[in-house]
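Read the structure below first, then the notes.
The values are calculated or read from the model by the stated rules, or taken from the named source; none is laboratory data. Just so we're clear, the structure is a prediction, and the values are computed from it rather than from any experiment. Here the Cβ is made from the backbone with ideal geometry for all residues, glycine too, and neighbour counts use every protein chain on show.
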Amino acid sequence: MEWKTHYERIVGGTEEEKDMAFNKLQDLFDERIKEFSKYELKKTPEDLEILKKSETIVNNIVARYGGRPKALPIDNIYILKPGSILTITGGRFSGGIHRPIRLKIGVEKGESKLLFASTFGHELFHLKSYKSARIDKLPVGLHVYRSGLSMYKYDRKNSNEGKIEEKEYFAMLEEAIISECTIKFIEEISKDPILKEEAEAIRKFKDWIVAYYLRIGTSREEKVREFERELKYITDPQSKVEKVLAFSTDEEKRQEYATKMLNELFKERELEEMERYKERKNLYELLDKLVVSSNGKFKSRDEVFKEFAEANFSGNYLHLARIIESILGKGSFRKLAEEFSETRKI
Ligand SMILES: [Zn+2]
């Protein structure tokens, strides 16, 4: 039987228990969740169009990296009022959230269509990463075992107060892979007519600032290029571009003015950077190290990234493990799993 849930495998339990677990996963997949529906906004035709286009782009990227993306029903996606995720998560997250075992996404909708799409895209990459579940004795029940490169393990021994420690191996690498894919997604969706106007205004505003810094002869061109790559969004970009255009007919004066505006935007937090900078930076360092130590097997960061993304979306991580161990030595894959892990008490 072909299940609609994205889970491809269940680890542990008898055959009968596995069958029951698949049924349970299917129920969880179909069920509406109150936690999100309490804050839900009705989807407009424009929302539906953005969600549909976003899913197509995400599916293409996932397939490019060897995944077999399964459909996510529209009812599994909740558009939420601004600020509700902070309430749902007790202040831990904002903007977007996903529930892996139930395969649900909550995404807040504010002024910006670009932010709405990119937040949704990010969460959708998480859900479309390879999924397997595990029947556990501790804590009893059905849990996510693997989500992409991440692998969960539960332990009571390192924990006091009777709590169980949840350790997610490769957690930060998975987050970096998802964020890197989201950057590729933003590039794609920015070309779509539905977001084009907003995306082009951001581009134009950025171009002025980059031109300004390069013109005044900054010695840190690398920094300028990094700013160019990392700035994702400014609030109401179209009106900001209008303002700069109205300021002067001279391009150099416009560049200077836009740069001054940027400083204000920083102060007021009226901008947003590409997500998970720290995690991506660590990933880039690892990729570069693998390129350098690979004896010519890999020529670029992108080539190695492809191996990581393929492991994340196809679930076949043994291939990646072999590559890493052949370059960095025996035991290095396990070491990386540990280095990039996260632990929490549950
Ligand atoms: Zn994430």
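Before we move on, is Lys43 within 28 Å of Ile194 (Cβ to Cβ) and away from the ligand (no atom under 16 Å from the Cβ)? Step through it out loud before you land on a result.
Details: within 28 Å of Ile194 (Cβ to Cβ): yes; away from the ligand (no atom under 16 Å from the Cβ): yes.
Considered against the rule, which asks whether it is within 28 Å of Ile194 (Cβ to Cβ) and away from the ligand (no atom under 16 Å from the Cβ), Lys43 comes out as yes.
Of the residues Ile178, Ile135, Ile105, Ile97, which single one is surrounded by 23 or more Cβ atoms within 10 Å (Cβ to Cβ) and over 25 Å from Lys34 (Cβ atoms)? Walk me through it before giving the result.
Working: Ile135 fails: surrounded by 23 or more Cβ atoms within 10 Å (Cβ to Cβ); Ile105 fails: over 25 Å from Lys34 (Cβ atoms); Ile97 fails: over 25 Å from Lys34 (Cβ atoms).
Of the residues listed, the single one that is surrounded by 23 or more Cβ atoms within 10 Å (Cβ to Cβ) and over 25 Å from Lys34 (Cβ atoms) is Ile178.
Can you find a residue in the stretch 182-200 that is farther than 30 Å from Lys306 by Cα and touching a strand residue (DSSP E or B) at 6+ places or on another chain (Cβ under 6 Å)?
no
Could you tell me whether any residue of the stretch 85-106 is hydrophobic (A, V, I, L, M, F, W, C), in contact (Cβ under 8 Å) with a residue 40 or more places away in the chain, more than 29 Å from Lys306 (Cβ to Cβ) and within 16 Å of the ligand (Cβ to nearest atom)? Step through it out loud before you land on a result.
Within the stretch 85-106, the subset hydrophobic (A, V, I, L, M, F, W, C) is 85-86, 88, 93, 97, 101, 103, 105.
Now drop any that are not in contact (Cβ under 8 Å) with a residue 40 or more places away in the chain, which leaves 88, 101, 103.
Narrowing further to those that are more than 29 Å from Lys306 (Cβ to Cβ): 88.
Subset that is within 16 Å of the ligand (Cβ to nearest atom): 88.
Yes - at least one qualifying residue is present in the stretch 85-106.
Residues that are surrounded by 12 or more Cβ atoms within 10 Å (Cβ to Cβ) and either over 27 Å from Val62 (Cα atoms) or at pLDDT below 95 (or both): does the stretch 291-308 have at least one?
Looking through the stretch 291-308, at least one residue is surrounded by 12 or more Cβ atoms within 10 Å (Cβ to Cβ) and either over 27 Å from Val62 (Cα atoms) or at pLDDT below 95 (or both).
Can you tell me which residue among Lys297, Lys330, Lys306 is more than 28 Å from Arg68 (Cβ to Cβ), basic (Lys, Arg) and either within 23 Å of the chain's Cα centre (by Cα) or away from the ligand (no atom under 16 Å from the Cβ) (or both)? Talk me through it step by step, then tell me what you get.
Details: Lys297 fails: more than 28 Å from Arg68 (Cβ to Cβ); Lys306 fails: more than 28 Å from Arg68 (Cβ to Cβ).
From the options Lys297, Lys330, Lys306, the qualifying one is Lys330.
Among what's in the stretch 108-132 and is of a type in the set (Ser, Thr, Tyr) and within 15 Å of the ligand (Cβ to nearest atom), pick the residue that is surrounded by the most Cβ atoms within 10 Å (Cβ to Cβ). Please lay out each step first, then the result.
To start, the set of residues in the stretch 108-132 that are of a type in the set (Ser, Thr, Tyr) comprises 112, 118-119, 129-130, 132.
Add one more test, that the residue is within 15 Å of the ligand (Cβ to nearest atom), and what stays is 118-119, 129.
Details: Ser118: 26, Thr119: 25, Ser129: 28.
Filtering the stretch 108-132 for residues that are of a type in the set (Ser, Thr, Tyr) and within 15 Å of the ligand (Cβ to nearest atom), the one surrounded by the most Cβ atoms within 10 Å (Cβ to Cβ) comes out as Ser129.
Could we say that Lys184 is more than 16 Å from Thr343 (Cα to Cα), within 16 Å of the ligand (Cβ to nearest atom) and surrounded by fewer than 20 Cβ atoms within 10 Å (Cβ to Cβ) here?
Working: more than 16 Å from Thr343 (Cα to Cα): yes; within 16 Å of the ligand (Cβ to nearest atom): yes; surrounded by fewer than 20 Cβ atoms within 10 Å (Cβ to Cβ): yes.
For Lys184, the condition - more than 16 Å from Thr343 (Cα to Cα), within 16 Å of the ligand (Cβ to nearest atom) and surrounded by fewer than 20 Cβ atoms within 10 Å (Cβ to Cβ) - is met.
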